[in-house]
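See structure below.
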Amino acid sequence: MRAEVVEFRSPFHQFEVGFNVIIDLITPGTRVLDLGCGSGTLLQRLRDEKDVEGCGVELDQDKVIRCIERGIRVLTLDLDEGLEAFPDLSYEYVVLSRTLQQLVYPDRVVKEMLRVGSKSIIAFPNFGHWGIVLEYVFTGRSPVCETHPHPWFNSPDIHRLTIKDFRDFVQKIGGKIEKEIHIINNAPSNSTFWPNRRAQWGCFLISSA
């Protein structure tokens, strides 16, 4: 009998409020491709709560096995190698949650998302948050916090971006921001004052312009 998969569950990995935001953005009965789906938590909720036909993409084999145990269809694929296996507009939604900052080529992957899906949902930790900025300025060290829980020497995050960075990025690649939601202290808001400094997370619904 295979040993049970034990998942490390920091506040970053739990991301329950983020999952709720993403689920609210998705229309019931649609097809969803979840890139970097982890152990399939989001896809399981989408299937159970919104009758979504989901497919995950994950590289970590332990997490792939966990997806299969949950009855989630999953493919093993390195996102940085592209999404050539997926035809144009083959999904209503393509989701990239907490993974953008870990990609070697985020621009390539997001362009591919816009090709494969009618709409794309991207959630990422905001490195522009005031607490992170102050820690960096006053300690001179790379911040370690809930949204960036790993020290620099073993962090999977190779790009540390802000909400402003992402807005500029979407414009640069020819995309369109349809909706922007900010998460502050585990509460979502779409009308936040000064989100680049106050939000811990940004969640964007984007499409081709």
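Rounded, prolate or oblate, given the Cα gyration tensor of the stretch 42-97, with a/c below 1.5 counting as rounded? Judged from the Cα gyration tensor, the stretch 42-97 comes out oblate (a/c at least 1.5, b/c at or above a/b).
Coupling constants for the stretch 163-171 follow from the phi torsions by the Karplus curve (6.51 cos²θ - 1.76 cosθ + 1.60, θ = phi - 60°), and in residue order they are 4, 4, 4, 5, 4, 4, 4, 4, 5 Hz; glycine and proline get x. With an a/c value of 1.5 or above and a/b larger than b/c for the gyration tensor axes a ≥ b ≥ c computed over the alpha-carbon atoms, the stretch 114-209 is described as prolate. Peptide packing: for 175-182, 131-138, 89-96, the average count of neighbouring Cβ atoms within 10 Å per residue gives the ranking 89-96, 175-182, 131-138, highest mean first.
Charged neighbours of Lys179, selected by a Cβ distance under 13 Å, balance to 0 (K, R count +1; D, E count -1). Take the alpha-carbon centre of the stretch 41-94, take the same for the stretch 151-209, and report the distance between them in whole Å. When both Cα centres are located, 22 Å separates them. Protection proxy ranking for 18-26, 154-162, using the average of other Cβ atoms within 10 Å per residue and placing the highest first: 18-26, 154-162. Each of Leu35, Leu59 has its accessible area taken with a 1.4 Å probe; listed largest first, they run Leu59, Leu35. A simple rule links phi to the HN-Hα coupling: the Karplus curve 6.51 cos²θ - 1.76 cosθ + 1.60 with θ = phi - 60°, which for the stretch 66-82 gives 4, 4, 4, 4, 8, x, 9, 6, 9, 10, 8, 7, 7, 4, 5, 8, x Hz, with x for Gly and Pro. The structure-derived value of Cα extents along the principal axes in Å appears in the list [x] 48, 47, 31; [y] 59, 45, 28; [z] 49, 42, 27 under the label [x]. For the chain, lysine pairs with C-alpha atoms less than 14 angstrom apart, excluding pairs fewer than eight positions apart on the same chain, total 6.
The values are calculated or read from the model by the stated rules, or taken from the named source; none is laboratory data. Not measured: the values here are computed from a predicted model. Cβ atoms come from the backbone with ideal geometry, glycine included; neighbour counts cover every protein chain shown. In case anyone asks, the SASA skips ligands and DNA or RNA and just uses the protein heavy atoms, side chains included. Shrake-Rupley method; radii C 1.70, N 1.55, O 1.52, S 1.80 Å.
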